[in-house]
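Here the structure comes first, spelled out in structure tokens, and everything after it is commentary.
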Amino acid sequence: MAYSDKVLDHYENPRNVGTLDKNDPNVGTGMVGAPACGDVMKLMIKVNDAGIIEDAKFKTYGCGSAIASSSLVTEWLKGKTIDEAYAIKNSAIAEELALPPVKIHCSVLAEDAIKAAVADIKAKQLAKETA
Amino acid sequence: MSASIEMPVLKDMFDENGLAKDTHGADAQPIYLDYSATTPVDPRVAAKMIPYITEHFGNPASRSHPYGWTAEKAVENAREEVAKLVGADPREIVWTSGATESNNLAIKGAANFYSEKGKHIITITTEHKAVIDAVRELERQGFTATYLDPEPNGLIDLEKFKAAIRPDTVLASVMFVNNEIGVIQDITAIGNICRENNIIFHVDAAQATGKVEIDLEKLPVDLMSFCAHKTYGPKGIGALYVRRKPRIRIEAQMHGGGHERGMRSGTLATHQIVGMGEAFKLAREEMVVENARILKLRNKLLHGLETMEEVYVNGDLEHRVPHNLNISFNYVEGESLIMAVKGIAVSSGSACTSASLEPSYVLRALGRSDELAHSSIRFSIGRFTTEEDIDYTINLMKSKIDKLRELSPLWEMFKDGIDLSKVQWAAH
């Protein structure tokens with residue numbers, strides 16, 4: 001499997017590896033994938049009161065392309081509103097990393113992880129408002 | 001080593017004393033730990049082969065001049081060396097192009113010759129594809145087959161083997177040493193069962209020569225496959241042992257000039273055969289000392305890797321050749337693992353070359369989960385592996401596994417005491 005330089009860079013030097021406090025009301029968590037399928041991504045975002053993503057962290061069990069896809073989106077997410085984050089498409093991730101066709105599913109998983117994290121933070125916000 | 005031959009590749013690999021050069025470091029070639037895939041040709045073997053490409057180029061089948069006689073003498077000398085390593089009579093050795101051809105010739109040749117006796121074949125799910133696919137081809141031709149699963153340690157339960165025997169069982173094929181996990185089957189016991197039931201017994205010994213003692217005078221085996229390139233000989237040459245007493249018959253699969261007593265036609269590749277003979281001679285002379293040295297290295301590697309948590313050795317450790325260590329690293333994904341260990345040349349239980357991730361069928365047959373099968377690495381150690389190579393490998397594996405686990409949400413969950421089997425995964 002030939003990897004693009006960008007995939008190799010993210011694989012060798014992954015950005016924003018780690019976790020945020022999942023109990024923080026401003027932190028949304030998205031975990032997608034399954035071990036049996038070969039990839040699991042966990043994405044955490046911290047959103048300020050203005051709805052801007054201040055921080056993003058990830059952990060990924062998966063191939064180099066899956067690691068690179070999740071590392072890349074943590075970079076993209078910072079500074080975005082959650083609505084802008086929700087609009088990120090897998091095709092943009094695949095294009096940026098020059099993923100080959102067999103690795104497109106890695107970018108799909110990264111998009112799913114963003115959507116899951118945003119859904120989690122929205123649910124938390126809703127719970128806060130109704131409390 | 002005392003070789004002084006000039007070959008660019010060998011020169012790069014060995015220093016002036018014939019010792020393997022220190023090839024560690026980022027830009028260097030990765031350290032070779034894939035001896036079960038193939039071995040380098042020993043420089044002493046290569047030196048013996050070269051005159052038979054240039055000076056002594058005669059056809060061993062040419063009976064009317066010294067060119068032919070010289071080649072024939074070399075071929076027969078090599079046949080004797082191959083026979084000696086495995087306790088056979090030289091007349092029981094048939095040259096082939098390698099173990100794949102030997103397996104095909106043995107299985108199809110014997111099944112076809114004895115098909116009137118019955119059309120049922122027994123083999124093992126962890127056999128090499130050259131055996132499994134040859135049996136599958138016979139199924140296509142009207143034979144039936146039983147593919148036995150080994151026990152979780154990779155070894156065959158003899159009772160299960162006995163239970164698979166039918167009145168029409170004509171042939172059984174069981175490998176001596178498994179190529180992926182290195183386990184050694186009890187060939188004597190299985191062979192005795194075959195004898196009692198009048199079943200032809202074929203053994204694929206491609207991974208066994210030079211690693212375990214083989215004495216066909218005592219072993220109840222009818223047909224045995226060999227190749228040169230796993231034992232420091234050249235690729236493209238192998239042999240099939242065909243027992244004379246009691247005489248085993250096979251149908252030729254390659255028809256032509258009637259070479260090899262009609263069992264395998266085709267002009268003999270003298271230089272390749274000379275290489276196999278020399279390689280097997282060296283194996284016979286050096287295997288005891290060599291295997292003791294390799295066992296030490298293997299155990300050092302095993303103990304080094306075992307200091308990490310959640311590592312699992314695949315296959316029985318006791319009934320195993322010293323050269324092999326197959327080990328799974330839990331909570332690390334297979335393909336990223338292979339990317340991480342670029343500094344060593346090893347084989348992986350994960351075949352990620354296509355869209356579908358196919359885990360090793362051998363490890364699956366042992367009952368390993370897909371995840372553990374994917375995250376396995378086969379280290380195979382050989383003649384030119386040094387202690388420094390092993391030290392380097394242990395350090396590399398530790399740092400890379402640590403890094404990947406630091407990245408792994410599964411490792412984090414495991415560390416938090418979460419039972420991963422109880423998690424509801426969003427399968428995709």
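The values are calculated or read from the model by the stated rules, or taken from the named source; none is laboratory data. Predicted model only: the values in this text are computed from it and were never measured. Neighbour counts are summed over all protein chains in view; Cβ atoms, including those assigned to glycine, are modelled from backbone coordinates with ideal geometry. Side chains included, ligands, DNA and RNA excluded: accessible areas come from the protein's heavy atoms. Shrake-Rupley method; radii C 1.70, N 1.55, O 1.52, S 1.80 Å.
Counted over chain B, the DSSP beta bridges are approximately 55% antiparallel.
Straight-line reach from B:K398: taking Cα to Cα under 28 Å and skipping same-chain neighbours fewer than 8 places apart, the lysines in range are A:K6, A:K42, A:K57, A:K59, A:K103, B:K21, B:K296, B:K300, B:K342, B:K415. Starting from one equal scatterer on each C-alpha and no solvent at all, send me the Debye-based log10 I(q)/I(0) for segment B:180-245 at q = 0.24 Å⁻¹, two decimals. Treating every Cα as an identical point scatterer, log10 I(q)/I(0) equals -1.11. With the whole protein complex present, A:K46 retains an accessible surface near 70 Å², based on a 1.4 Å probe.
The accessible area of B:V346, taken with all protein chains in place and a 1.4 Å probe, comes to roughly 30 Å².
The A-B contact accounts for approximately 2400 Å² of buried accessible area, totalled over both chains at a 1.4 Å probe radius. Give the shape of chain B as rounded, prolate or oblate, defined through the alpha-carbon gyration tensor: a ≥ b ≥ c are the square roots of its eigenvalues, a/c under 1.5 means rounded, and otherwise the shape is prolate if a/b is larger than b/c and oblate if not. Taking the square roots of the gyration eigenvalues as a ≥ b ≥ c, chain B is oblate. Taking Cα centre as origin and charging only the Cβ of basic (Lys, Arg, +1) and acidic (Asp, Glu, -1) residues, the dipole magnitude of the protein assembly as shown rounds to 1440 debye. In a DSSP loop and with at most 10 other Cβ atoms within 10 Å, the GluC sites (Glu not before Pro) in segment B:57-154 are B:E116. DSSP finds beta bridges in the protein assembly as shown, and of those with both partners inside it, around 70 percent are antiparallel. The alpha-carbon of A:K128 sits under 20 angstrom from the alpha-carbons of these aspartates and glutamates, leaving out residues fewer than 8 places away in its chain: A:D21, A:D24, A:D49, A:E54, A:D83, A:D120.
Counting Cβ atoms of other protein chains within 10 Å of each residue's Cβ and taking the mean over peptide A:29-39 gives 6.
Candidates B:Q424, B:S62, B:V183 compared by Cα position along the dipole of chain B: farthest toward the positive end lies B:S62, with charges placed on Cβ. Counting, for every residue in B:193-203, the Cβ atoms of other protein chains within 10 Å of its Cβ and taking the mean gives 0. Along chain B, counting only chymotrypsin sites (Phe, Trp or Tyr not before Pro) with a DSSP assignment other than H, G, I, E or B and at most 14 other Cβ atoms inside a 10 Å radius, the longest segment between sites is B:58-424. Taking label positions 7 Å along the Cα-Cβ direction at both A:T130 and B:T144, the computed distance is 6.3 nm, reported to one decimal. The value obtained for segment B:135-236, namely the Cα convex hull volume divided by the number of residues, is 119 Å³ per residue.
Using R0 = 45 Å, the C-beta based FRET efficiency linking B:T307 and B:K129 works out to 0.80. Entry for the protein assembly as shown at q = 0.05, 0.08, 0.12 Å⁻¹: log10 I(q)/I(0) = -0.27, -0.64, -1.12, Debye formula applied to identical alpha-carbon scatterers, no solvent contribution.
With R₀ set to 45 Å, the beta-carbon distance separating B:E406 from B:T188 gives a calculated FRET efficiency near 0.40.
The convex hull of the Cα atoms of segment B:316-408, projected and averaged over all directions, covers 6.6 nm². Where in segment B:249-275 is the amide nitrogen less than 15 Å from a point lying 7 Å along the Cα-to-Cβ axis of B:E116? The answer is B:249-251, whose backbone nitrogens lie closer than 15 Å to the label point. Summarising the label geometry, the points placed 7 Å from Cα in the beta-carbon direction at B:N197 and A:A119 lie 5.5 nm from one another. Around the Cα centre of chain A, unit charges on the Cβ atoms of Lys, Arg, Asp and Glu (plus for the first two, minus for the last two) sum to a dipole of about 260 debye. Among the GluC sites (Glu not before Pro) found in segment B:305-334, those both in a DSSP coil and sparsely packed, with 11 or fewer other Cβ atoms within 10 Å of their Cβ, are B:E318.
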